[in-house]
1. Among the residues of the range 348-371, is there at least one that is among the charged types (D, E, K, R) and over 24 Å from the mean Cα position of the chain (by Cα)?
2. Note down all Cβ pairs under 7 Å where the first residue falls in the range 1-24 and is surrounded by 24 or more Cβ atoms within 10 Å (Cβ to Cβ) and modelled with pLDDT of 95 or more, the second is part of a loop (DSSP other than H, G, I, E, B) and among the polar types (S, T, N, Q), and they're at least six residues apart or on different chains.
3. Does the range 91-121 hold any residues that are open to solvent by 20 Å² or more (accessible area, probe 1.4 Å), in contact (Cβ under 8 Å) with a residue 60 or more places away in the chain and of a type outside the set (A, V, I, L, M, F, W, C), and which are they?
4. Taking strands (runs of 3 or more DSSP E) that fall entirely within the range 334-429, which contain at least 1 residues that are among the small types (Gly, Ala, Ser)?
5. Is there a residue being buried (at least 20 other Cβ atoms within 10 Å of the Cβ), among the hydrophobic types (A, V, I, L, M, F, W, C) and in a strand (DSSP E or B) anywhere in the range 295-316?
6. Look at Ala282 and say whether it is in contact with a Pro (Cβ under 7 Å, 6 or more places away or on another chain), assigned to a strand (DSSP E or B) and touching a residue at least 24 places away in the same chain (Cβ under 8 Å).
7. Tell me which residues, restricted to the range 192-206, are open to solvent by 50 Å² or more (accessible area, probe 1.4 Å) and closer than 21 Å to Asp88 by Cβ.
8. Tell me, which residue of the range 250-279 that is open to solvent by less than 10 Å² (accessible area, probe 1.4 Å) and in a loop (DSSP other than H, G, I, E, B) is nearest to Cys215 (Cα to Cα)?
Amino acid sequence: MLGVDIGTTSTKAVLFRETGEVIANENNGYDLYKPDIYTAEQDPEEILQAVLLSIGNVMKKSQINPEDLTFISFSSAMHSVIAMDENDRNITRCITWADNRSSNWAKKINEEFNGHAIYSRTGTPIHPMSPLCKIAWMENEVPEVSSKTKKYIGIKEYIFYKLFNEYAVDYSIASCTGLMNLESLSWDKEALKVAGITEDKLSRIVSTKEVFTGCESSYAEQMGILKETKFVIGASDGVLSNIGVNAIKKGEVAVTIGTSGAIRTVVPKPHTDPKGRIFCYALTEDHWVIGGPVNNGGIVFRWIRDELAASEVETAKRLGIDPYDVLTRIASQVRPGADGLLFHPYLAGERAPLWNADVRGSFIGLTLSHQREHLIRASLEGVIYNLYSVFLALTEVMDEPVTTIKATGGFARSELWRQMLADIFDQEVIVPESYESSCLGACLLGLFALGKIDSFEIVEDLIGETHKHKPNSSHVKEYRKLIPIFISLSRTLEIEYEKIAQYQSEITKA
């Protein structure tokens, strides 16, 4: 079984045996176009080629008989928008979740079009990442695009259109658009009205278990597969990651920190938050994932490396040591709480729990006694404090207590960060032995779609654990004093951060 994950930076393809053993994998990257601080786009054709190349190279590496490939199942990044014209050609690039050009429309929808009611029905918070906001912006402010647009689609729809000549979107990706009604599993009439479109401008909604066959011949040949190979449309990367790390039972929570980050748990029916802080996305008709994404995860660590620790990085390179290991060693010299130094990690605005693209980063509590190692530790702690504030929102709407935290992503390589997570959350943290969790999740969904398994719990037999961390009670005590201050300040400073963002916008335009 072949899992394909169309990510924001690359497409991965992993070929598994049905026992979960990895046979071969491949990863092909592509560029993110950021000509200014608001735009974040990719070339959909580059992504298509990366998908074809990744699948083709996995088939070559594995040397399996194409007849032995049971199915290919897909995971994909969320919230992308591509405008397609009457000739089914893209007239925009793929506008990614990180694009902020619709931020004024996000504010307008919230303030003038009862955004909270739309969120309550669709499960996607009103934010520039949302296709609802992106489409409203294009329909109202980019007439050269909207006047020629036949369909607004996401990147997975683009790939499936190329392969099968049909516009189809799965429940999961549709539920990330802010345009699908969670109860009826159909396009939401009020949301469509706010976006300024009719439903014929969107794809047909299908189950995440929908199977496609009859792949376009030249592409099948390029990938080294049979034309009749079954393609399971699959779901979004976030919800599939929960399956892939075995966080699917009641009370099990997945925490992921890569460049960005997220906290998620699986529930049996749609559930939104009266305060609008978390998302609700579909996995299947009977499995829903609630949680919150954060913009600022490993990207903060990278900023520290590049801007605060240039000399240490040079030394690490000369010694052949990973610069991140050096930084965590420096941070570990400072006691938990960084001697009262707090860091708001909002270097890229923020999604959950603030849902405000205009918040900004800041160090708070600086004194003459603080040194660079304090800044480094406070920055790492700030990322976890912020995730913890999302966790608090999640636990408020969960119907059962949290039983387990499963932690994955690049940060899980750092012992200090893993322990920090356990201490700030005051929960045992387990790091699953999960490689390419979204690809594995896609394959398990494929097995489920084809009736080969009747529950996702088979994943327990496929993955083990690499680390466990119990909270350190003395560390927990310190963090318990600082967390309320961090959260209170993030709310209090929100208006001031927006004023700073406005100033930055003005000087950028000047």
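The values are calculated or read from the model by the stated rules, or taken from the named source; none is laboratory data. Because the structure is predicted, anything quoted here is derived from the model rather than measured. Backbone-built Cβ (ideal geometry, glycine too); neighbour counts: all protein chains shown. Only protein heavy atoms, including side chains, enter the accessible area calculation; ligands, DNA and RNA are left aside. Shrake-Rupley method; radii C 1.70, N 1.55, O 1.52, S 1.80 Å.
1. Taking the range 348-371 as the starting set, the residues that turn out to be among the charged types (D, E, K, R) are 350-351, 358, 360.
Those left that are additionally over 24 Å from the mean Cα position of the chain (by Cα): none.
No.
2. Met1/Thr70
3. Residues satisfying the conditions are Arg93, Asn100, Arg101, Ser103, His116, Ser120, Arg121.
4. On the way: elements: 342-344, 362-364, 404-408.
Counting at least 1 such residues, we get 362-364, 404-408.
5. Taking every residue of the range 295-316 in turn, none turns out to be buried (at least 20 other Cβ atoms within 10 Å of the Cβ), among the hydrophobic types (A, V, I, L, M, F, W, C) and in a strand (DSSP E or B).
6. Values: in contact with a Pro (Cβ under 7 Å, 6 or more places away or on another chain): no; assigned to a strand (DSSP E or B): yes; touching a residue at least 24 places away in the same chain (Cβ under 8 Å): yes.
For Ala282, the condition - in contact with a Pro (Cβ under 7 Å, 6 or more places away or on another chain), assigned to a strand (DSSP E or B) and touching a residue at least 24 places away in the same chain (Cβ under 8 Å) - is not met.
7. Looking only at the range 192-206, we keep the residues that are open to solvent by 50 Å² or more (accessible area, probe 1.4 Å), and these are 193, 198-200, 204.
Within the range 192-206, Thr198, Glu199, Asp200, Arg204 qualify.
8. Ile278
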